[in-house]
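Contents: one structure, followed by commentary.
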Amino acid sequence: MGTIAALAGGVGAARFLRGLVRAVPATDVVVVGNTGDDDVFHGLHVSPDLDTVTYTLAGAVGAMGWGLAGDTFRTLEAYERYGEATWFRLGDADLATHLYRTSRLREGATLTEVTAEITLAWGLKARLLPMSDDRVATVIDVAGAPNSGSGGGEPVPMAMQEWFVRERARPPVAGVRFEGAAEARPGPAVLDALREADAIILCPSNPVISIGPILALPGVRDALRARREQVVAISPIIRGATVKGPADRLMAAAGIEVSCAGVASIYADLCGTLLVDDSDADRVADVERHGVRAAVAPILMRDADDAEALARRALDLVS
Ligand code: GDP
Ligand code: CA
């Protein structure tokens, strides 16, 4: 059916994409990946969502949905000797990817170029485009400890990985920002990919911190609005809960109902159709109140067959 563009975060997106590349020729798939979670650890540029997509499509991802299956952590353990913080887990074989990415960036390659090299090395047929070659950092403003007397303290900014991994997503969220997004440019092939795609899929990713940073880049929201009837989203929220991860807490903090209808409200201006779970059939009218067509299907993916069926269903809705 021509090319398919997919906006993607990490684990939820990757689980869906492994089905999409079975439903259509993988060479027809262009993935625009979130880089708002990127950070630097031990001097290495880490791109968690890009790597989760790469390793998953390569069939090499670890059991947690990140890192490499069967990896060991001897280097990280050795690092503890030097008093370095090692709460961000980087496996020994995974480190090769980070060493390679970092050295290529230092040589002057762009993140788009390096990502193309890495995905080629892993045998991916789909294209993976970082959303931007410029630095965009998702910042979680954590609500300050309440002062004695009325009101709370000043919010404390935390890098996404600090809040999510080090603090296990426990500190209460006052707000979310995408530092650098307004000045960043989308990756060089991103806007053309959105303009030329026959279908655009918003993967079942965290709408706030996985899809949100991509939409915050200049031109992306407009490009999607112009293609609204070709845009289909898959709800990451089923029966008022996330399948995994902190989407529920981040939506609630933004004053958005934690439901497929809440997801529809976030995407309403740029997405014509939202796929919701069978178990949410009673919420169709609430989704459509936002001007978004609702389609009902089993959207919980237990395996790649489920993901493939879901991808076929999503494509049927926009072709
Ligand atoms: P992260 O960057 O690793 O957090 O990955 P994403 O943002 O891509 O994925 C997290 C989202 O995927 C969460 O909001 C989950 O609810 C959602 N998710 C995970 N598995 C499934 C699934 O099988 N079906 C659906 N519909 N959503 C899922
Ligand atoms: Ca992520």
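We did not get these values from a lab; they are worked out from the coordinates using the rules stated. None of these values were measured; they are calculated from a predicted model. Here Cβ is always computed from backbone atoms with ideal geometry, including for glycine, and neighbour counts include all displayed protein chains.
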Which of G144, L76, W122 sits closest to the plus end of the dipole of the range 65-174, meaning its Cα is farthest towards the positive end, when Lys and Arg get +1 and Asp and Glu get -1 on the C-beta? W122
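Arranged by the count of other C-beta atoms within 10 angstrom, fewest first, what order do V21, V46, V284, V190 take? If you can, show how the numbers build up before the last one.
Details: V21 23, V46 20, V284 17, V190 26.
So the ranking, lowest neighbour count to highest, is V284, V46, V21, V190.
For the chain, what proportion of DSSP beta bridges, expressed in % and rounded to the nearest 5, is antiparallel?
On the way: 18 of 42 bridges.
Roughly 45 percent of the beta bridges in the chain run antiparallel, per DSSP.
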Between the alpha-carbon centers of the range 200-223 and the range 65-139, tell me the distance in whole angstrom. 22
Between A109 and T75, what length in nm is gained on full extension when 0.36 nm per residue of separation is reduced by their alpha carbon distance? 9.6 nm
Please find the FRET efficiency linking D198 to A93, where r is the Cβ-Cβ separation and R0 is fixed at 45 Å, and quote it to the nearest 0.05. 0.75
For the range 301-307, take each phi angle, set θ = phi - 60°, evaluate the Karplus expression 6.51 cos²θ - 1.76 cosθ + 1.60, and give the result in whole Hz per residue in order, putting x for glycine and proline. 9, 8, 7, 5, 5, 4, 5
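With a ≥ b ≥ c the root eigenvalues of the C-alpha gyration tensor of the range 173-319, is it rounded (a/c under 1.5), prolate (a/b larger than b/c) or oblate?
Numbers: a/c = 1.62, a/b = 1.16, b/c = 1.39.
Oblate is the answer for the range 173-319, as a/c is 1.5 or above yet b/c matches or exceeds a/b.
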The chain - mean residue ellipticity at 222 nm from DSSP helices (-39,500 (n - 2.57) per run, n ≥ 4, rounded to 500): -9500 deg cm²/dmol
Please give the residues of the range 12-27, grouped as numeric ranges, whose backbone N is less than 11 Å from a label point set 7 Å along the Cα-to-Cβ vector of A304. 18-23
So D282 and A58, fully extended at 0.36 nm per residue minus their Cα-Cα distance, gain in nm 76.9 nm
Could you please rank T119, T54, T110, placing first whichever residue has the fewest other Cβ atoms within 10 Å of its Cβ? T110, T119, T54
Output the relative contact order of the chain, whole-number percent, from Cα pairs under 8 angstrom with separation of 6+ residues. 20
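Can you work out D for the chain in µm² s⁻¹ from Stokes-Einstein, where Rh is the Kirkwood radius over C-alpha pairs, the temperature is 37 °C and the viscosity is 0.692 mPa s?
Details: Rh = 19.9 Å.
The calculation lands on 165 µm²/s.
Which of E229, E179 has the fewest other C-beta atoms within 10 Å, and how do the rest follow up to the most?
Fewest-to-most ranking of E229, E179: E229, E179.
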Anisotropy class of the range 41-120 from Cα gyration tensor, a/c 1.5 cut: oblate
Amide H within-cut-off set for V31, under 5 Å, with H built and near neighbours excluded: A6, R127, L128, L129
Each residue of the range 93-106 in turn: what ³J(HN,Hα) in whole Hz from Karplus with 6.51, -1.76, 1.60 and θ = phi - 60°, glycine and Pro shown as x? 6, 4, 4, 4, 4, 6, 5, 5, 4, 5, 5, 5, 4, 5
